[in-house]
Structure formats: structure tokens, C-alpha cells
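Student: Supplied in C-alpha cells, the structure appears directly below.
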Amino acid sequence: MTPLSETDPHDPGVSLARAALAGDTLAMQDLLAHLAPYVARVCGPIALDGGPDAAQEALVAVFRSLRTLRDPAALYGWTRAIAVREAVRVARRDARARPAELADVPAPDDPELAADVRDVLTRLSPEHRAVLVLRDLEGLDERAASRLLDIPAGTVKSRLHRARESFRKAWSA
């Protein structure tokens, strides 16, 4: 799902950002409530169990840094950059030993599939999860992911290749 402002200039998030930048405190509150599901969707697959913490930290960073947003139409890209940065930071902080082996792979309509996918994601590094989320969930190209993660495009490509390969191996184990 693409945020509205990337396709619709009349998106309520952009209007709320403009009002908040003008000093409207109620608009700031509404903006943060509007952005919360989007931020959670970005942070969850990267930070895993730390997803709620990462989302909260990202929203605090949005609140504190909104005055640095030069173009309200860039709200979602700017917010995504903050969310990814916070999710990777929280995932690194929470890094710990991962559980052993996967059980048998369930059928695609099995209700435990999401849990199994999450289990496989826990085996990837935060950097690999970030690249997978940006490319496969957010639909960004290598250049956009490169700019967002502040790494060369070639590094994005190699991380994506390694992340997908690691995911496949862990999934089929």
C-alpha cells in the first residue's frame, strides 16, 4: 500500500504537516496519529519484537524534527527514512541469539505462516531486513533505498541478494 501523498497531493497527511509546521499543535497530534500505522508497518519487519519501540522512537523523532521538513509533500519519504533508521537502531540494540531450526514449512493458507515468516526474518541481520522491507514491501528501487540507508547502490544490491538468499535457505531448512 502506497501512502496517499505519493500519488495524491490532497492527502490529509500533507495538509496536517503543513498545519503543524505553521504551529498548529492539534494538527501535530493528528499528524502523529495519522503516521503511526505507516511507521509501525515500516518498523515491524525490521525491528521485529522491538517494532513497537522503534515505531514510538520514530514518531518522537518526527515530532522533534518536523521543523526540518522542507517540503510537506515529501512527508512519507522523510518519515520512512526516520522509521528505517530507528528500526535498524532498535534491532541492533535488541540483537541476541536466535532460536534454532524452523519446523516444517506450512501450507500457504496456514494461519501460522506469518509466524513462520517472522521466525525466518529474525535470522537476518537488521541491515538485511531493512533492505528487504524497502525493496519488497515499500517497493523502492536500489537508488532510493541507497539514499535512504546512506549506502552505495551496489551495497544495496549485494545486501538484497544476500538477504533473499539467506531467507530462502532459512525457509527451506
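The values are calculated or read from the model by the stated rules, or taken from the named source; none is laboratory data. Here the structure is a predicted model, which is why all the values come from computation and not from measurement. Glycine also receives a Cβ, built like all others from the backbone with ideal geometry; neighbour counts cover every protein chain displayed. Keep in mind that these areas ignore ligands, DNA and RNA; they rest on the heavy atoms of the full protein, side chains included. Shrake-Rupley method; radii C 1.70, N 1.55, O 1.52, S 1.80 Å.
Student: Within segment 35-77, how many residues are of a type outside the set (Gly, Ala, Ser) and either buried (at least 22 other Cβ atoms within 10 Å of the Cβ) or under 12 Å from the mean Cα position of the chain (by Cα) (or both)?
Tutor: Looking only at segment 35-77, we keep the residues that are of a type outside the set (Gly, Ala, Ser), and these are 35, 37-39, 41-43, 45-46, 48-49, 52-53, 56-57, 59-60, 62-64, 66-72, 75-76.
Among the residues that remain, those that are also either buried (at least 22 other Cβ atoms within 10 Å of the Cβ) or under 12 Å from the mean Cα position of the chain (by Cα) (or both) are: 35, 37-39, 41-43, 45-46, 48, 52, 59, 62, 75-76.
Final tally of qualifying residues: 15.
Student: Now, a different point. Does Arg70 meet the test of being outside any helix (DSSP H, G or I), in the same structural domain as Leu35 (by TED's automatic domain parsing) and at pLDDT 85 or above?
Tutor: Yes, satisfied.
Student: Could you tell me whether Ala58 is under 25 Å from Val120 (Cα atoms), part of a helix (DSSP H, G or I) and modelled with pLDDT of 95 or more?
Tutor: Values: under 25 Å from Val120 (Cα atoms): yes; part of a helix (DSSP H, G or I): yes; modelled with pLDDT of 95 or more: yes.
Answer is yes for this residue.
Student: Moving on to the next point. In segment 118-143, what residues are touching a residue at least 40 places away in the same chain (Cβ under 8 Å), farther than 19 Å from Val90 by Cβ and open to solvent by 20 Å² or more (accessible area, probe 1.4 Å)? Quick ask: steps written out before the conclusion?
Tutor: Residues of segment 118-143 that are touching a residue at least 40 places away in the same chain (Cβ under 8 Å), as a first pass: 118, 120-124, 126, 129-130, 132-134, 137-139.
Among the residues that remain, those that are also farther than 19 Å from Val90 by Cβ are: 120, 139.
The one that is touching a residue at least 40 places away in the same chain (Cβ under 8 Å), farther than 19 Å from Val90 by Cβ and open to solvent by 20 Å² or more (accessible area, probe 1.4 Å): Gly139.
Student: To continue, here is another question. Take the residues in segment 63-90 that are free of Cβ contacts under 8 Å to residues at least 40 places away in the same chain and of a type in the set (Lys, Arg), then tell me which one is farthest from His34 (Cα to Cα).
Tutor: Among those residues, the one meeting the criterion is Arg89.
Let's see how each residue does on (1) β-branched (Val, Ile, Thr); (2) within 25 Å of Trp78 (Cβ to Cβ); (3) at pLDDT 85 or above:
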site	(1), (2), (3)
Asp109	no, no, no
Ala115	no, no, no
Leu124	no, no, yes
His128	no, yes, yes
Leu134	no, yes, yes
Ala153	no, yes, yes
